[in-house]
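See below for the structure under consideration.
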Amino acid sequence: MFRNIFNLKSFVPIVVFFIVLLILPPIIPRFYTYIIAVMFVTSLLAMSLNMVLGHGGMFQFHHGAFYGVGAYTFALILTKTTLPMWVGFAAGPIVAALVGLLVGWFCVRLNRLYFGMLQISLGSLIWAIAFRWYSLTSGDDGIHGIPMPSILSSLNCSYYFILIVLAICLVGMYLIFKSPFGTTLQAIRDNPQRCEAVGVNVRRHQLAAIVIATFFAGVAGVLFVVLERSVFPDLLFWVLSLEIFIMCLLGGWFTFLGPMLGAAITVALRTFVGIYTEYWTLILGVILILLIFFLPEGVFGYFIEKFKERGTTDMLEEK
Amino acid sequence: MDIGQAFTFAALGSQFLVGLSRAMILFVVCSGMSFVLGVLRVPNIAHGSLYMIGAFSAYSIFTLFGQSSTGFWLALFLAPLVVALVSLIAERALFCHLYEREHLMLLLFTFALMLILGDLVKLIWGAEYRSIMAPPFLRGSISIFGSPFPRYNLFLLIIGPIVAIGLWLFTNKTKIGKISRAAAVDREMVGAVGINVSWVFAGAFVIGCYLAGLGGALVAPTVSVTIGMDHDIIIEAFLIVTIGGLGNMWGTLVGSLIFGLTQSFGVLFWPQFAIVFPYVAVVVILIWRPTGMLKSVW
């Protein structure tokens, strides 16, 4: 099974890339280590969205809510309870997945745009609660200075922790992507009626995809807390959700690794453009318009189209 | 707040009027969004930004005329036209080239427009808080049900139905309105009888955005005009349009009323979570009636 999934040719560059990332932190300045770690967290989030958006064809408009739920759960367990650390690590993604199950259970009964609308309203509901429940979440102030155990105290340690979790999640996502379940999901995206006709339970597959995706979003939320040591209601706000949406599109949402590239580009742009001007969203908007007009397949999708004949990208391709 | 005092008839009555006037503002903004959605089938995410531009240009026009009551009326008249002009430029320069493309791309274009317009507002007007004064006879408050009620809100209660009736007359009685309704139902057929669909879309888009600007100019005296207004209104508008039935103007009115009233009664019952109530209402409605309360034009 694994031989079919990971063929050697595409496996080597990925391993090399991983090793480069492993030896980077001691060499590069602290600031860059931090930026790369932010990229890791954001790309995990974008990839988790793409499981439902790109592979499942569902308009998951409020994915950020689950990210925030994961982050808040982890933060609250660390600050409000005396439970051990690992409970928090486990609870973040699990609570996010449970919320995903609840939200998804209502949403999958609706089609396309109404799906997205119901999700925005449910997500906004979660946001409004976190924003107003001062006694629990500190409202719009958020929770800052969340204590971390000594093993994650330095930036380099959290960098390695995030990298390893990200790698595990990516392998997991890739296995799901290539599994019969993943293939069925893509078939549902392309033609739901036909899938229904051959006896696939479309709704249940979509719901399962949402739960899995929200689980990974919860993991990303936990990693965010590990890196930033704070949570605030903006994590649950719909603007962030649309930003993740753009990342998927920017990278190429019909590809597996595309969203990761999209997230990395977005984070890099925000960081380095942000140094020169406060009007960063203006530039994001212009880039988005250029993308819509000239690169509708996304950056990664574009390169895959270009190099298709050479056959070097078969791992990254979907078809 | 003392419970016994909170639930008096007077308190309920005045909260009802507050909610009603909030609903009128929401209706003016959302009817524009609903109109665009009905004809172009695109939820215009930039709608909130246009509303914000309406409020800011109203402020500028108001200041230009020495903050007089003439300035206020001119602002109310001209600010929506400024917004309509901005939307016309955006539509003719960029948006109209995308009509043949995938639906999601149109949606994302409006999001890009929101990002750009939001920052442009920051660039032009800055991040300070601004405010507009209504003319003297609309200032202050009068006594209704024994509790004070702002006069300006009464003015809003009059404007809302005027906009609703005007829009109804426009879509049902004028030729352009009828064409736009036809384009909403079957755009190929409208093209086949020799009507330039692209310009119909442009017209619908501009009218929708005009209403956003009008909403912004109307709301300006009641709130502090600042960046971030767009983020607050757009999700509300989205949800109102959805629970009403996509593109259905009367549905939008019902949705606005539900949103405005649940919010204002929420303040009475549980002030801390007042912003939660409208979302709960929306969730309940969408679960009960997944495609909105009234018939969608889609």
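Taken together, the values in this text are just the output of simple stated rules run on the coordinates, not laboratory data. What you are looking at is a predicted structure, and each value in this text was computed from that prediction instead of being measured. We place every Cβ from the backbone using ideal geometry, glycine too, and count neighbours over all the protein chains shown.
Quick check: pseudo-label points 7 Å beyond the Cα along Cα→Cβ at B:Ala192 and A:Val171, how many nm apart are they?
Between B:Ala192 and A:Val171, the simple spin-label model gives 5.9 nm.
How long, wide and thick is the protein assembly as shown, going by the Cα atoms along their three principal axes, in whole angstroms, largest first?
Per principal axis, max minus min of the Cα coordinates gives 77, 65, 51 Å.
Once the Cα atoms of helix B:69-93 and of chain B are each reduced to a long axis, what angle between those two axes, in degrees from 0 to 90 to the nearest 10, is obtained?
For helix B:69-93, the angle is close to 30 degrees.
Just to verify a number: FRET efficiency for B:Gln272 and A:Leu83, C-beta to C-beta distance, R0 = 30 Å, to 0.05?
That gives a FRET efficiency of 0.65.
Specify whether the C-alpha gyration tensor of segment B:107-185 places it in the rounded, prolate or oblate class, a ≥ b ≥ c being the square roots of the eigenvalues: rounded for a/c under 1.5, otherwise prolate if a/b is larger than b/c and oblate if not.
Oblate is the answer for segment B:107-185, as a/c is 1.5 or above yet b/c matches or exceeds a/b.
List, in the order given, every pair from B:Lys178/B:Lys295; B:Lys122/B:Lys173; B:Lys122/B:Lys178 whose Cα-Cα distance in the structure shown is over 29 Å.
Cα-Cα > 29 Å for B:Lys122/B:Lys173; B:Lys122/B:Lys178; rest within.
For segment B:193-241 and segment A:157-201, what is the centre-to-centre distance using only Cα atoms, to the nearest Å?
Computed from Cα coordinates, the inter-centre distance equals 39 Å.
State the volume of the convex hull built on the alpha-carbon positions of segment A:105-216, expressed per residue in Å³ and rounded to an integer.
Value for segment A:105-216: 141 Å³ per residue.
Rounded to whole Å, give me the distance from the Cα center of segment B:93-114 to that of segment A:214-247.
27
Nearest 10 degrees is fine. How inclined is helix B:197-219 to the longest principal axis of chain B, computing both from alpha carbons?
Roughly 10 degrees between the two axes.
Based on the inverse mean of 1/r over its pairs of different Cα atoms, what is the Kirkwood hydrodynamic radius of segment A:2-310, in Å?
About 20.0 Å, per the Kirkwood formula over Cα pairs.
What residues qualify as long-range amide H neighbours of B:Ser141, i.e. H under 5 Å apart, gap of 5 or more or another chain, H built at 1.01 Å from N?
Distant-sequence amide H within range of B:Ser141: B:Arg151.
Compute the distance in nm between two label points, each set 7 Å from the Cα along the Cα-to-Cβ direction, one at A:Phe181 and one at B:Leu64.
Distance between the two pseudo-spin positions: 6.1 nm.
Along each of the three principal axes of the Cα atoms of segment A:1-149, give the extent in whole Å, ordering the values from largest to smallest.
Answer, in whole Å and largest first: 48, 41, 27 Å.
Whole number please: convex hull volume per residue of the Cα set in segment B:158-298, in Å³?
Once divided by residue count, the hull of segment B:158-298 is 125 Å³.
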